[in-house]
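Q: Structure in structure tokens, see below.
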Amino acid sequence: MPHFAPVRVRGGLLRSARLVRHRRRAAAVGLVVTAVALVAAGPRDADRPRGHPDGASSTHAGPASTGDRAVRAQRAGARVTAPVRIADAATVRLLRPGDRVDVVAAGERGTDGGARVVARGARVAEVPKPLEDTGTGGALVVLSVPRATAAGLAGASTTSQLAVTLW
């Protein structure tokens, strides 16, 4: 095996001395890299507080832009949970979370009105246990429905007795 001269790396000490001299610049670069990583991993939709849609301000007074209309259309189709009092408590005991039901408004109070379907394919989110007999009749069930349907359910519950049909 031939004899080789020792290998020497030039500037090794100079580089470390240069880093010590530019310590502030290196710290600033580190902070920038950390900030970019935090922004990239920023909050997701699931991290938003409940009941605050997209952080949009309700004080917007100008004309709706195309982006605003798209956000509103998305919110209108968003599913919300709606507590509904069903007239027959025994029917509610048959329900389990995940079941699909149709909600029927049976006869307007004070009129001879027929039954009408208020919500189709509503998903049962929760069936709360009754705390005590309140004497009001019926039982509470929490349904997951589109936002517009929730408004219809609230209106129908004030004028009609509600019933459910299982899918």
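Please treat every number below as a calculation from the coordinates, not as lab data. Small disclaimer: the values here were computed from a predicted structure and weren't measured. Neighbour counts run over all protein chains shown; Cβ positions are idealised from the backbone, glycine included.
Q: Given labels modelled 7 Å from the Cα in the Cβ direction, how far is it in nm from residue 40 to residue 24?
A: 2.8 nm
Q: Along the principal axes of its C-alpha atoms, what lengths does the stretch 77-166 span, in descending order and rounded to whole Å?
A: Rounded to whole Å, the extents work out to 35, 34, 19 Å.
Q: Put +1 on the Cβ of each Lys and Arg and -1 on the Cβ of each Asp and Glu in the stretch 77-166; which of 80, 119, 137 then has its Cα farthest toward the positive end of the dipole?
A: Checked the options; the winner is 80.
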